[in-house]
Structure formats: C-alpha cells, structure tokens
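The values are calculated or read from the model by the stated rules, or taken from the named source; none is laboratory data. On a predicted model such as this, the values are computed, not experimentally measured, just so you know. Cβ placement follows ideal geometry from the backbone for every residue including glycine, while neighbour counts extend to all protein chains displayed.
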Amino acid sequence: MNFLEERICKDGIVKPGNVLKVDSFLNHQIDIDLLDMMGKEFKERFSNEKITKILTIEASGIGMACMTARYFGVPVVFAKKSQTVVQDDDKYIADVASYTHKVTNHVFVSKKYICPEDKVLIIDDFMAHGQAALGLIDIVKQAGGSVVGVGIAIEKGFQQGGQILRDRGYKLESIAIVESMDPETGKIEFRKQ
Ligand code: 5GP
C-alpha cells in the first residue's frame, strides 16, 4: 500500500451512497505533510511533461494544487463555483454537476489566467463520474490551452470517471484507486498500480 492508501485505511470513513469521507486529513482538517507527499508524487508522475499552470476547482482541490505547484514552480488557478453566473466575455464557463452536493454549478475562470500557450495539469481530490475534471478540461479547451494530464488523489475506480478520461486519451494519474468499499464493514480495497 502507498502512503495515501494507508492513510485512507486508517482514517477514511465509508458512507452510504458511495461516498468516502476524508475530512480528518484532506477535506476539512488538512494534513500538510500528506499534501506535500502528494505534490511530490504528482511531480514524479508528470516529470516528463512541460507544465505551465495547475488548474483545480474550489474548494477542496486548492490545498493539494498549491502543494503540487510548489514542486513544479508554476501558479495555481482555481475554477470558482457559482449557481448564478451568466455568459460573460471575461470568463470561461463550464457546467459541473456536483457529486456530493447534487446541484449543478457553473464554474468559471477569468480569461486572464489561462491562455493558448498554457500547458495545464488538472488536480483534484476525488474522481467519481468525472464531471469536475471534464468541466475543467472544457475550460482549458475554451482558452485554447492544452491539458497535459489529470492528477487525482482518490479515484473511485468502480465509478466511470476514470474510464471516460482514459478512453479519451488523457494521462490520468490517481495516487489511490478505490476498487470497492463497503459502508457496512468499512472495508476498502485498492486497485494494484
Ligand atoms: P466527479 O465530478 O468526478 O463526479 O466527482 C468529483 C468531485 O466530487 C470532487 O471534486 C469531490 O469534491 C467530490 N466527490 C466525489 N466523490 C467523493 C467522495 O467519495 N468523497 C468526497 N469527500 N468527495 C467526493
């Protein structure tokens, strides 16, 4: 087991509805040393790529993205969520259905912060159905930039997001891939990588 899989086994809580709670180290209280290890891991996994910017989505991706950005020496941009954004000439906007909150957010990035020359690494905490990652990819495309890859802390491999991204040819690296999890027993199994 790698460092993140170990931590998930120790402190993750499996909830009904295929939700894994990691509030004690990632989503509410944040373990900075763990985030630093994740940043280092992404740097190794994307070491062959030229990256100019890291893009994530508020709120829980921001911490990880910042720690990762230190290793790449590039800025972080985060997509802001709003339920009221109307089309605006200054923003790239995408619709993202929220897995955990069951609402659709319009997420947006100012046109100032992604440009056609950008080679973007997308970072997020979870991959479920892939909506957040696909929304961020859409924003990079609108800007004319290129998506170098997608780095995810925890992919739920039994949901289709990871498959969709890989089928579309994106380099997707997930530090932990949960193959199955049982809310009754709390048992979590990981895909061998
Ligand atoms: P997707 O867009 O891939 O369907 O879902 C990913 C987003 O939903 C992530 O940004 C994350 O915030 C949230 N999410 C999805 N599944 C889980 C989960 O099991 N636990 C937590 N804490 N967040 C999740």
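Condition test on residue 179, is it over 19 Å from residue 65 (Cα atoms) and free of Cβ contacts under 8 Å to residues at least 40 places away in the same chain?
The answer is yes for residue 179.
Just checking, does segment 79-86 include any residue being aliphatic (A, V, I, L, M) and either surrounded by 22 or more Cβ atoms within 10 Å (Cβ to Cβ) or modelled with pLDDT of 95 or more (or both)?
Within segment 79-86, one or more residues are aliphatic (A, V, I, L, M) and either surrounded by 22 or more Cβ atoms within 10 Å (Cβ to Cβ) or modelled with pLDDT of 95 or more (or both).
Got a number for residues in segment 97-132 being near the ligand (Cβ under 10 Å from one of its atoms) and within 23 Å of residue 46 (Cβ to Cβ)?
Summing the residues that are near the ligand (Cβ under 10 Å from one of its atoms) and within 23 Å of residue 46 (Cβ to Cβ) in segment 97-132 gives 8.
Determine, yes or no, whether residue 41 is within 16 Å of the ligand (Cβ to nearest atom) and more than 18 Å from residue 140 (Cα to Cα).
In short, no.
Can you find a residue in segment 154-175 that is among the aliphatic types (A, V, I, L, M) and not in a strand (DSSP E or B)?
Yes, segment 154-175 has at least one match.
For residue 31, which of the numbered conditions (1) more than 16 Å from the ligand (Cβ to nearest atom); (2) at pLDDT 95 or above; (3) more than 16 Å from residue 174 (Cβ to Cβ); (4) more than 16 Å from the chain's Cα centre (by Cα) fails to hold?
The number of the failed condition is (1).
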